[in-house]
Ligand code: DQQ
């Protein structure tokens, strides 16, 4: 039962679905080289989202309508239990058309063989003003709230008329997945955001406890999330808003944080994400493509490229009412083995405290920090300098109330280290604003790597401790602050720290002591090591 991602040159997750007892994940896959091109659909299955089995390629580019690539698509389970898959084909003349596939044997829980429908492409032409190479990535379909016999689905695009450079989502209606009607108007558009790839559109319960099936529809207690992947800046943005199906319109709750200009699923390396509804556990699960940040030449020489993120549950944050919460699926916790618990560690300004754990290249960490209350009061006097993770001095910079946090994948001399940290600063309104950042700049001695400081302000409720969970695995660090209000994924390539990685607490604040009330470091089960984890070994 091994999922050796390490040899998979993969990108976008495609058509994730739970079907007859198995989780299925398809993904963009090049059988020939660890670079993008010749895209087919890889296929892996799991009982628990943690242990995976590779299956044969599901679909290859073999027809005029997808010979230049079986591109991204989504699964829909119909009320009858049937499964249909819609995807974008890149045609023999590299235009983008929408295609239908379905399982050759619907009674096969492994979904081993796939048929492309003889009527393909089922959508040949884009909407009238759209160029034929700006029309891709159909979403999961949802039942039309006004006609239960019809389904609706969205497709991403862009509109460059009058220099708008607007990202756009169009909606189509279908009864049979063979013929489609373009609805008038647009689900949504945002000027200046460019091509919207991999649109995702789903309901979310404001109660924040469970996920909702994609067709769930209610006036009260349900909002709709629109997610787009911006081709221009290669990040996934979302907004929470109101879906008016009768007008074929979705509106963001906060126009200033509209989709494409506001919140991100993840502030690090994470793209082309897709969710699905897991009816077994009544949750919505998210996967993102985590690409490499080393050179393409390195990818070719090691023979693989790209990872999938750990699957994450997605919930509405009922405490803030303004963002989603992203959290590793609960199955990851079952892989924790020995825990090392450090409690009440006071870290004085400008110091680093090593944690005595065994080599820690594959660990799960949960930490809770508290700032000295007198320092917090003094910070009200600090001049606001408009802290920004990316333009800051990173973990090595110094301010009144930060940075402080954890160093992972660090060698004993701290020549290599990846920092996940908080920085508390005064905001323009006089209140305190907490930033959550990840600093990759000292993560590796290797030079052919893109290294940045990434992150963003994270909401903190009054009186709340500062908390972070960090999943570390050789060349990937996935961090979740404040219960998942902010997620950051980094690819890192330590050279020295690789086999003897350590964890440190650090505090680079100039005046304030920080108390690590609790830091728990779990070693992870070897099954995990040999499955998900081994993918990251860098040869
Ligand atoms: N990847 C696919 C496209 C999609 C892009 C092609 C996003 O369908 O828009 O490999 O990474």
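Just so it is clear, none of the values below were taken in a lab; they were calculated from the coordinates. Every value quoted in this text rests on a predicted model; they were computed, and no experiment measured them. All Cβ positions, glycine included, derive from the backbone under ideal geometry; neighbour counts span all protein chains shown.
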Legend entry - Peptides ranked, highest mean first, by Cβ atoms within 10 Å: ranges 271-281, 51-61: 271-281, 51-61
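Quick check on segment 11-131: take the gyration tensor over C-alpha atoms, sort the square-rooted eigenvalues as a ≥ b ≥ c, and tell me if it's rounded (a/c under 1.5), prolate or oblate. Let's see the in-between values first.
On the way: a/c = 2.04, a/b = 1.37, b/c = 1.49.
Judged from the Cα gyration tensor, segment 11-131 comes out oblate (a/c at least 1.5, b/c at or above a/b).
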Inset, instruction - Please work out the Cα center distance from segment 18-51 to segment 413-472, rounded to the nearest Å. - result: 32
Legend entry - Gained length - residue 54 relative to residue 219, 0.36 nm times residue gap less alpha-carbon distance: 55.2 nm
Inset, instruction - Apply 1/(1 + (r/R0)^6) to the Cβ-Cβ distance of residue 499 and residue 352, taking R0 = 22 Å, and write down the FRET efficiency to the nearest 0.05. - result: 0.55
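If you take the Cα Rg of segment 116-216 and divide it by 2.2 N^0.38 Å, with N the number of residues, what do you get?
For segment 116-216, the normalised Cα radius of gyration comes out at 1.16.
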Inset, instruction - Over segment 338-454, calculate the relative contact order: mean separation of alpha carbon pairs under 8 Å at least 6 apart, over the residue count, as a percent. - result: 20
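Provide the gained length on full extension for the span residue 296 to residue 465, in nm with one decimal, where the gain is 0.36 nm per separating residue minus the Cα-Cα distance.
Details: separation 169, 0.36 × 169 = 60.84 nm, distance 4.12 nm.
Gain on extension, residue 296 to residue 465, equals 56.7 nm.
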Inset, instruction - Would you mind calculating the relative contact order of segment 334-536 from Cα pairs under 8 angstrom and at least 6 residues apart, reporting the percent as a whole number? - result: 40
Legend entry - R0 of 22 Å, Cβ-Cβ distance residue 209-residue 47: FRET efficiency to nearest 0.05: 0.35
Inset, instruction - Compute the Cα gyration tensor for segment 5-328, then decide on rounded, prolate or oblate, letting a ≥ b ≥ c be the square roots of its eigenvalues: rounded whenever a/c is under 1.5, prolate when a/b is larger than b/c in the other cases, and oblate in all that remain. - result: rounded
Inset, instruction - For segment 5-328, calculate the relative contact order in percent as a whole number, restricting contacts to Cα pairs under 8 Å that are 6 or more residues apart. - result: 14
Legend entry - Cβ-Cβ FRET estimate between residue 320 and residue 517, R0 fixed at 22 Å, reported to 0.05: 0.50
Inset, instruction - Determine the distance separating the Cα centre of segment 89-148 from the Cα centre of segment 296-326; give it in Å without decimals. - result: 25
Legend entry - Structure-based [θ]222 nm, the chain - -39500 (n - 2.57) summed over DSSP H runs of at least 4, per residue, nearest 500: -1000 deg cm²/dmol
Legend entry - Inter-site label distance for residue 251 and residue 33 at 7 Å from Cα along Cβ, in nm: 5.0
